[in-house]
Amino acid sequence: MTTQTGSASASASGSGSASENASASAGGSENVGASESAGASESASRGAREDRAARRSDGTRAAILTAARYRFAEHGYERTTIRAVAADAGIDPAMVMRYYGSKDQLFEAALRIDLRLPELRDVPRADVPRRLVRHFLARWEGEPTDDALLLLLRCAVTNERAAERVRALLTEQVAPALRTITDTRRAGLLSSQLLGLALTRYLLRVPAVAGLTADEVVDLYAPGVAGLLSTGEEA
């Protein structure tokens, strides 16, 4: 009897130990799972914070650039100050320096322009003049917050850096876009035509030109562009 009782006790003790071990194991698994869940949650939270910070940074950078383009276009390089740009952007001047380093670097950034010229290779030749003029007008008039082109046009006459940027724009963007439909000489003259239109319509605001609708400009200007491009294949 004593032996049986001892065996029963040992069995119960063993069962208890197994139960405790199983419980401990389950508890450990729960702890590991909770830890992993907490880690994932913290990682997601950190990612969300970084995304918000990046968006704020991009927004601040864009606000500075918009304010700088307005200031440079309206007041020129010499009379534009970092403090004035910061005031227009609603931030501390130190933030302008943080993102752009100096007034020179800010000016360089303000002059960067992507004309986003259309691919003309597959456009029917007869449609090219109207497509070009339409794109030109959309690029100037379709983005009211983008003063980069106005800035470039205004500064290029008196600022060599801006003038060099205009030359680079014509060489690196306009010429390659027109290479498939005309030669370098006509591409240059076409650029001068469009710059002349920009000068009179957007900078000088000559009433006879500024008062036209975009459709009227396309209708009246495209034939001149067509005349310039019509003999491109003979060059």
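The values are calculated or read from the model by the stated rules, or taken from the named source; none is laboratory data. Not measured: the values here are computed from a predicted model. With ideal geometry, Cβ positions are generated from the backbone for all residues, glycine too; neighbour counts draw on all protein chains shown. Calculation scope for accessible area: heavy atoms of the full protein, side chains included, ligands and nucleic acids excluded. Shrake-Rupley method; radii C 1.70, N 1.55, O 1.52, S 1.80 Å.
Inside segment 211-235, residues that are surrounded by fewer than 12 Cβ atoms within 10 Å (Cβ to Cβ) and aliphatic (A, V, I, L, M) make up a count of 1. Please determine whether any residue of segment 156-163 is touching a residue at least 12 places away in the same chain (Cβ under 8 Å), over 27 Å from the mean Cα position of the chain (by Cα), under 25 Å from Glu74 (Cα atoms) and open to solvent by 60 Å² or more (accessible area, probe 1.4 Å). Looking for residues that are touching a residue at least 12 places away in the same chain (Cβ under 8 Å), over 27 Å from the mean Cα position of the chain (by Cα), under 25 Å from Glu74 (Cα atoms) and open to solvent by 60 Å² or more (accessible area, probe 1.4 Å), one finds at least one in segment 156-163, hence yes.
Output yes when any residue across segment 96-105 is at pLDDT 90 or above, farther than 28 Å from Leu170 by Cβ and open to solvent by less than 40 Å² (accessible area, probe 1.4 Å), and no when none is.
Scanning segment 96-105, I find at least one residue that is at pLDDT 90 or above, farther than 28 Å from Leu170 by Cβ and open to solvent by less than 40 Å² (accessible area, probe 1.4 Å), so the answer is yes.
Close contacts from segment 51-77, counting a first residue that is hydroxyl-bearing (Ser, Thr, Tyr) and a second that is part of a helix (DSSP H, G or I) and at pLDDT below 90, with Cβ to Cβ under 7 Å and a gap of 6+ residues or different chains, come to Tyr77/Cys155.
Of the numbered criteria (1) closer than 19 Å to Ala214 by Cβ; (2) free of Cβ contacts under 8 Å to residues at least 24 places away in the same chain; (3) surrounded by 14 or more Cβ atoms within 10 Å (Cβ to Cβ); (4) of a type outside the set (Gly, Ala, Ser), the one Val85 fails is (1).
For segment 168-185, indicate whether the set of residues that are in a helix (DSSP H, G or I) and either touching a Phe, Trp or Tyr at 6+ places or on another chain (Cβ under 7 Å) or closer than 17 Å to Ala73 by Cβ (or both) is non-empty. Write out each step before concluding.
The first filter runs over segment 168-185 and keeps only residues in a helix (DSSP H, G or I), leaving 168-178, 184-185.
Applying the additional criterion that residues be either touching a Phe, Trp or Tyr at 6+ places or on another chain (Cβ under 7 Å) or closer than 17 Å to Ala73 by Cβ (or both) yields 169.
Yes, segment 168-185 has at least one match.
Number of residues in segment 135-155 that are surrounded by fewer than 17 Cβ atoms within 10 Å (Cβ to Cβ) and at pLDDT 85 or above: the value is 1. Can you name the residue in segment 193-210 that is touching a Ser or Thr at 6+ places or on another chain (Cβ under 9 Å) and closer than 18 Å to Ala138 by Cβ and, of all such residues, is surrounded by the fewest Cβ atoms within 10 Å (Cβ to Cβ)? The extreme case among them is Ala210.
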